[in-house]
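The values are calculated or read from the model by the stated rules, or taken from the named source; none is laboratory data. Computed from a predicted model, the values in this text were never measured in an experiment. Positions of Cβ are backbone-derived with ideal geometry, glycine not excepted, and every protein chain shown enters the neighbour counts. Side chains are part of the model used for accessible areas, which takes the heavy atoms of the whole protein and leaves out ligands, DNA and RNA. Shrake-Rupley method; radii C 1.70, N 1.55, O 1.52, S 1.80 Å.
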Amino acid sequence: MRILVTGGAGFIGSHYVRSLLDGSLPGPRPDRVTVVDALTYAGTTRNLPMDHPRLAFHRADIREAEALERLVPGHEAVVHFAAESHVDRSLAGAAEFVRTNVLGTQLLLETCLRHGVGTFVHVSTDEVYGSIDEGTWTEEEPLRPNSPYAASKAGADLIARSYWRTHGLDVRTTRCANNYGPRQHPEKLIPLFVTRLLAGRTVPLYGDGGNVREWLHVDDHCRAVHAVLTRGRAGEIYNIGGGTHLTNREMTARLLELCGADWSSVRRVPDRKGHDLRYAVDDTKIREELGYAPRWSLDEGLRDAVAWYRRNPGHWREPAGRG
Ligand code: NAD
């Protein structure tokens with residue numbers, strides 16, 4: 001099978017590509033993996049085994065029709081990770097989010113349809129559902145995205161659905177909880193806190209730290225995406241949960257301990273505008289239908305991630321940080 005992965009130089013996409021190439025995902029190894037990535041601030045070829053004989057890397061933008069016309073033909077499957085992915089950036093300026101996440105996804109779908117790509121896995125997020133005070137969301141939940149990031153992803157989900165419903169393109173959508181793990185850009189909470197704490201610096205905690213997030217190791221997310229690609233059904237949506245819910249305050253406590261710091265390293269900063277209180281998905285469908293279950297416990301996964309950031313201090317350039 002020849003698989004094209006968009007956003008394959010980013011945090012999750014690169015983990016997926018490395019797992020495809022090293023055979024750690026179940027099923028036959030793909031003959032060829034093509035990565036299409038624009039290398040925005042969030043992508044780097046350092047995340048990829050660039051000299052791997054079955055990897056072809058192309059620096060290209062999913063908003064460029066000519067590039068997609070050249071690169072998409074000949075692939076049986078497309079796994080679409082490319083996106084603007086950081087909520088805070090979407091509050092500062094939403095245009096790029098709409099251009100890449102909505103228009104870029106539509107162009108990619110159109111190109112896949114035209115060139116007979118067999119399966120399109122659209123990697124989305126649980127943030128499309130909005131915020132939930134208690135209980136969990138199933139895949140039937142209406143979309144009520146709150147941030148421009150989440151709204152642009154919800155837009156992409158609906159466009160993706162339309163290419164399945166109207167044109168019969170085999171589109172499968174995943175909606176995953178918050179990921180963590182090695183190689184995540186240090187603008188995101190866990191790598192931001194870990195890299196700063198390891199450098200003896202303070203970390204900015206939004207508001208009272210009471211917002212609840214569900215956490216999943218990137219490796220589990222990639223196994224779930226692959227299960228959807230290889231065993232999922234056309235037109236279906238699959239929630240992917242982590243099963244571990246923590247307030248940001250509880251996560252901070254764990255990171256302080258793992259990095260050998262204490263609460264004197266924490267600065268309270270004003271809450272993010274429109275900050276979603278809680279995310280929680282019901283992922284019974286993917287567990288029952290595809291036999292998927294996360295393998296990493298949060299304790300083990302966080303230890304692994306912190307160890308990676310300790311060993312690789314220069315992987316990303318110093319971020320501006322928050323607050
Ligand atoms: P990331 O920001 O680390 O990586 C995104 C990648 O896409 C980068 O390599 C970037 O260069 C590339 N890219 C951006 N715009 C592009 C464009 N116009 N053309 C081509 N490439 C472009 O993001 P991530 O955290 O790896 O997330 C990957 C996907 O998973 C996203 O679609 C995101 O919405 C989704 N997701 C992320 C999480 C999470 O916790 N990180 C959770 C659920 C879903």
- prompt: Projected onto the charge dipole of segment 1-138 (+1 at Lys/Arg Cβ, -1 at Asp/Glu Cβ, origin at the Cα centre), which of F120, V17, T136 gives the Cα projection farthest towards the positive end?
  reply: V17
task: For K153, go through the lysines and keep the ones whose alpha-carbon is under 18 Å away, minus same-chain ones fewer than eight residues off.
output: K188
query: Could you sort F57, F97 by accessible area so the largest value comes first, with the probe set to 1.4 Å?
result: F57, F97
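Rg over Rh of segment 58-154, using C-alpha atoms and the Kirkwood radius, what does it come to? Provide the component values of the computation, followed by the final result.
On the way: Rg = 15.0 Å, Rh = 14.6 Å.
Rg divided by Rh gives 1.03.
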query: How do K273, K285 stack up against each other in accessible area, from largest to smallest, with a 1.4 angstrom probe?
result: K273, K285
task: Send over the per residue convex hull volume for segment 83-235, Cα only, as a whole number of Å³.
output: 129
Of N179, Y41, A77, farthest towards positive along the dipole that unit charges on Lys, Arg, Asp, Glu beta carbons give the chain: Y41
Solvent-accessible area, 1.4 Å probe, carbon plus sulfur percent, for segment 199-323: 46
task: At a Cα cut-off below 14 Å, give the aspartates and glutamates reachable from K285, other chains included and same-chain residues fewer than 8 away excluded.
output: E139, E140, E141, E236
- prompt: How do 48-56, 61-69, 143-151 rank on mean C-beta neighbours within 10 Å, highest first?
  reply: 143-151, 61-69, 48-56
message: Just to be sure I understand: with springs between alpha-carbon atoms less than 10 Å apart, which residue in T40, T174, T125 has the highest mean-square fluctuation in the Gaussian network model of the chain?
response: T40
- prompt: Once the piece of chain linking T138 and S162 is laid out straight, how much longer is it, given 0.36 nm per residue of separation minus the C-alpha distance between them?
  reply: 6.6 nm
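Roughly what % of DSSP beta bridges within the chain run antiparallel, to the nearest 5? Please report the intermediate quantities before stating the final value.
Details: 4 of 42 bridges.
Close to 10 percent.
Using the Cα centre of the chain as the reference point, and only Cβ charges (+1 on K/R, -1 on D/E), how large is the resulting charge dipole? Debye, rounded to the nearest 20. Don't skip to the end; give the middle numbers.
Values: 41 positive and 41 negative charges, 163 e Å.
Dipole of the chain, to the nearest 20 debye: 780 debye.
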- line: Taking the chain and counting helices only, DSSP H stretches of n ≥ 4 at -39,500 (n - 2.57) each over all residues, the nearest-500 ellipticity at 222 nm comes to -10500 deg cm²/dmol
message: What whole-number distance in Å separates the alpha-carbon centres of segment 1-70 and segment 79-144?
response: 18
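Could you report segment 171-309's accessible area per residue, 1.4 Å probe, as an integer in Å²? Could the numbers behind the result be given before it?
On the way: 5060 Å² over 139 residues.
Accessible area per residue, segment 171-309: 36 Å².
Only four residue types carry charge here, +1 at the Cβ of Lys and Arg and -1 at the Cβ of Asp and Glu. Report the dipole size of segment 128-193 about the Cα centre in Debye, rounded to the nearest 20.
On the way: 8 positive and 8 negative charges, 64 e Å.
Rounded to the nearest 20 debye, it is 300 debye.
Over the Cα atoms of the chain, what is the Rg over Rh ratio if Rh follows Kirkwood? List each step's numbers first, then the result.
Details: Rg = 18.7 Å, Rh = 19.8 Å.
With Rh from the inverse mean 1/r over Cα pairs, Rg/Rh is 0.94.
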